[in-house]
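So the structure is just underneath, and the comments pick up after that.
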Amino acid sequence: MDNNRPLGTLLPMAHTSPLSVSLLALPESTVGTLYSLYEVFAAAGVAWREATGEGAGEPFMEPRILSYDGRSYVSPCGPVIAPQARLGDFSHSDIVVIGDLQFAPHEDVRGRWPEEAAWCREQYEKGALLCSVCTGSVFLADTGVLNGSEATSHWAAADLFTQLYPEVTLLPDRVLVLSGEDQRIITSGGASSWQDLALYLIGRFCGASEAIHIAKLFLLSNHGEGQLPYAAMTKRPLRDDPVIAQCQTWLADHYHQAHPVKQMIGLSGFKERTFKRRFQAATGYSPMGYVQALRIEEAKQLLETTDEAIDEIAAQIGYEDSAFFRRLFKRSTGITPGRYRQRFQSIGRQLSHPLPEAGQAGIKRPSGL
């Protein structure tokens with residue numbers, strides 16, 4: 001690193017050393033995010049020129065995979081992760097990235113990574129950027145650097161943040177959130193948001209043109225509509241409150257009926273105020289919020305798998321006023337029902353197309369398909 005260059009200075013200039021990018025490998029790290037980031041960062045400044053015949057380039061970024069002890073280990077998804085060095089081998093990094101982590105949705109991970117957390121705090125104090133992908137923000141929250149700040153994570157981790165890290169303001173609908181001093185903490189949403197993070201970092205430090213080149217070369221895309229179109233309803237275990245669990249079970253088959261909250265109150269035998277308090281404590285939703293979430297999930301399924309008119313879908317799930325349904329759907333997902341259908345039905349159509357027969361277009365059908 002050029003110690004005379006303040007972090008944030010664009011790199012494409014003569015005699016400037018590459019940015020050092022430390023990809024922190026934890027026992028819970030997933031392979032895809034870790035090695036995808038490594039490949040993309042290593043390509044900055046080099047790969048586009050090679051691919052287009054513009055001649056040799058010079059790397060703008062120098063990625064390396066680090067772990068506490070530098071030893072290879074089996075990742076939680078199976079393949080081996082082979083770190084290139086130990087944390088103690090490097091006293092300073094320009095950028096530190098924690099990728100997606102795999103653990104149970106309600107698992108208490110506080111204090112699990114004391115050595116790595118201390119190392120990251122030290123890097124931040126020395127001026128490094130700290131970045132995370134998906135549930136990697138849980139690690140950043142555990143270091144304490146996110147206290148009092150905004151952050152994002154995978155939408156399914158929202159409940160975990162509420163329970164374990166209430167000092168962090170989580171924005172689960174966002175794909176990228178910048179916070180901290182000089183915006184030196186960058187968190188990104190779902191697992192594929194590593195693409196958004198990579199393009200942002202390359203654009204910020206290597207220039208917009210290089211970010212465009214990398215996006216074209218690797219066919220990367222951003223998620224400008226946020227996480228809401230991809231989010232699904234999260235549910236806590238039913239065992240927390242057996243009476244409320246009974247109401248949830250009833251609602252799963254009767255959410256489309258009129259006045260379902262009133263019916264659940266009668267089923268529970270509680271007074272209205274008691275029922276609402278216990279329902280919120282057990283599910284994390286208000287009763288009406290829970291009903292609306294269930295209805296929106298059913299609407300998503302119908303939009304993904306059928307060609308029924310949107311007004312008909314609204315009526316099926318319990319909304320006679322289709323205009324109200326459309327407003328509620330957009331508030332819940334960030335996009336209109338029509339846009340949602342367009343986005344996700346196209347995926348289904350692609351999957352429903354059969355493979356070409358052997359000999360067609362020179363494509364050979366894999367054996368067993």
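The values are calculated or read from the model by the stated rules, or taken from the named source; none is laboratory data. Because the structure is a prediction, the values reported are computed rather than measured. All Cβ positions, even for glycine, are placed from backbone atoms using ideal geometry, and neighbour counts span all protein chains on display.
Taking the stretch 210-222 as the range and being in a helix (DSSP H, G or I) and without any contact (Cβ under 8 Å) to a residue 24 or more places away in the chain as the test, the residues that pass are Ala211, Ile212, Ala215. Whenever a residue of the stretch 317-342 is farther than 19 Å from Pro260 by Cβ, its partners that are polar (S, T, N, Q) and outside any helix (DSSP H, G or I), lying with C-beta atoms within less than 6 angstrom and at least six residues away or across chains, give the pairs Lys330/Thr336. Within the option set Leu199, Leu170, being among the hydrophobic types (A, V, I, L, M, F, W, C) and more than 14 Å from the chain's Cα centre (by Cα) holds for one residue only, Leu199.
Highlighted here are the helices (runs of 4 or more DSSP H) found entirely within the stretch 271-369 that include at least 3 residues which are modelled with pLDDT under 85: 287-305, 337-352.
Of the residues making up the stretch 45-62, those that are touching a residue at least 60 places away in the same chain (Cβ under 8 Å) and either among the charged types (D, E, K, R) or in a helix (DSSP H, G or I) (or both) number 3. In a residue-by-residue description of the stretch 23-39, the property of being closer than 22 Å to Thr187 by Cβ, in the same structural domain as Trp155 (by TED's automatic domain parsing), in a loop (DSSP other than H, G, I, E, B) and at pLDDT below 95 applies to at least one position. Of all residues in the stretch 77-98, those satisfying the criterion of being surrounded by 14 or more Cβ atoms within 10 Å (Cβ to Cβ), in contact with a Ser or Thr (Cβ under 8 Å, 6 or more places away or on another chain) and part of a loop (DSSP other than H, G, I, E, B) are Pro83, Phe90, Ser93, Asp94.
Quick one: in the stretch 323-339, which of the residues that are surrounded by 12 or more Cβ atoms within 10 Å (Cβ to Cβ) and more than 16 Å from Ala293 (Cα to Cα) is farthest from the chain's Cα centre (by Cα)? By that ranking, first place goes to Gly338.
Listed residues Ala104, Ala42; which is out of contact with any Gly (no Cβ under 9 Å at 6 or more places or on another chain), at pLDDT 95 or above and not in a strand (DSSP E or B)?
Only one candidate qualifies: Ala42.
Which one is surrounded by the fewest Cβ atoms within 10 Å (Cβ to Cβ), of the residues in the stretch 173-184 that are within 15 Å of the chain's Cα centre (by Cα) and not aliphatic (A, V, I, L, M)? Taking the candidates together, the pick is Asp173.
In the stretch 160-167, the count of residues that are of a type outside the set (Phe, Trp, Tyr) and under 22 Å from Pro27 (Cα atoms) is one or more.
Only one entry of Ala158, Ala215 meets the criterion of being surrounded by fewer than 23 Cβ atoms within 10 Å (Cβ to Cβ), under 12 Å from the mean Cα position of the chain (by Cα) and of a type in the set (A, V, I, L, M, F, W, C), and that entry is Ala158.
The residue that is surrounded by the fewest Cβ atoms within 10 Å (Cβ to Cβ), among those in the stretch 127-149 that are in a strand (DSSP E or B) and more than 11 Å from the chain's Cα centre (by Cα), is Leu129.
For the stretch 109-124, indicate whether the set of residues that are hydroxyl-bearing (Ser, Thr, Tyr), surrounded by 13 or more Cβ atoms within 10 Å (Cβ to Cβ), under 22 Å from the mean Cα position of the chain (by Cα) and not in a loop (DSSP other than H, G, I, E, B) is non-empty. Give the steps one after another, and end with the answer.
Taking the stretch 109-124 and keeping what is hydroxyl-bearing (Ser, Thr, Tyr), we get 124.
Those left that are additionally surrounded by 13 or more Cβ atoms within 10 Å (Cβ to Cβ): 124.
From the residues that got through so far, the ones that are under 22 Å from the mean Cα position of the chain (by Cα) too are none.
The answer is no; no qualifying residue exists.
Exactly one residue out of Asp196, Asp182, Asp159 is among the acidic types (Asp, Glu), part of a helix (DSSP H, G or I) and touching a His at 6+ places or on another chain (Cβ under 7 Å): that is Asp196. Across the stretch 1-22, the qualifying residues are those that are among the small types (Gly, Ala, Ser) and exposed (fewer than 15 other Cβ atoms within 10 Å of the Cβ), and the one among them that is modelled with the lowest pLDDT is Ala14. In the stretch 91-119, the residues that are touching a residue at least 12 places away in the same chain (Cβ under 8 Å) form Cβ pairs under 6 Å with partners that are of a type in the set (Ser, Thr, Tyr) and part of a strand (DSSP E or B), at six or more places apart or across chains, as follows: Ser93/Ser20; Ser93/Ser22; Asp94/Ser20; Val96/Ser22; Ile98/Ser132; Gly99/Ser29.
Residue count for the stretch 192-212, restricted to those that are modelled with pLDDT under 85 and over 18 Å from His154 (Cβ atoms): 3.
Apart from one condition, Glu181 fits all of (1) without any contact (Cβ under 8 Å) to a residue 40 or more places away in the chain; (2) at positive phi; (3) of a type in the set (Asp, Glu); the exception is (2). Checked against the criterion of being surrounded by fewer than 18 Cβ atoms within 10 Å (Cβ to Cβ), of a type outside the set (Gly, Ala, Ser) and in contact with a strand residue (DSSP E or B) (Cβ under 8 Å, 6 or more places away or on another chain), the candidates Thr169, Thr152, Thr187 yield just one match: Thr169.
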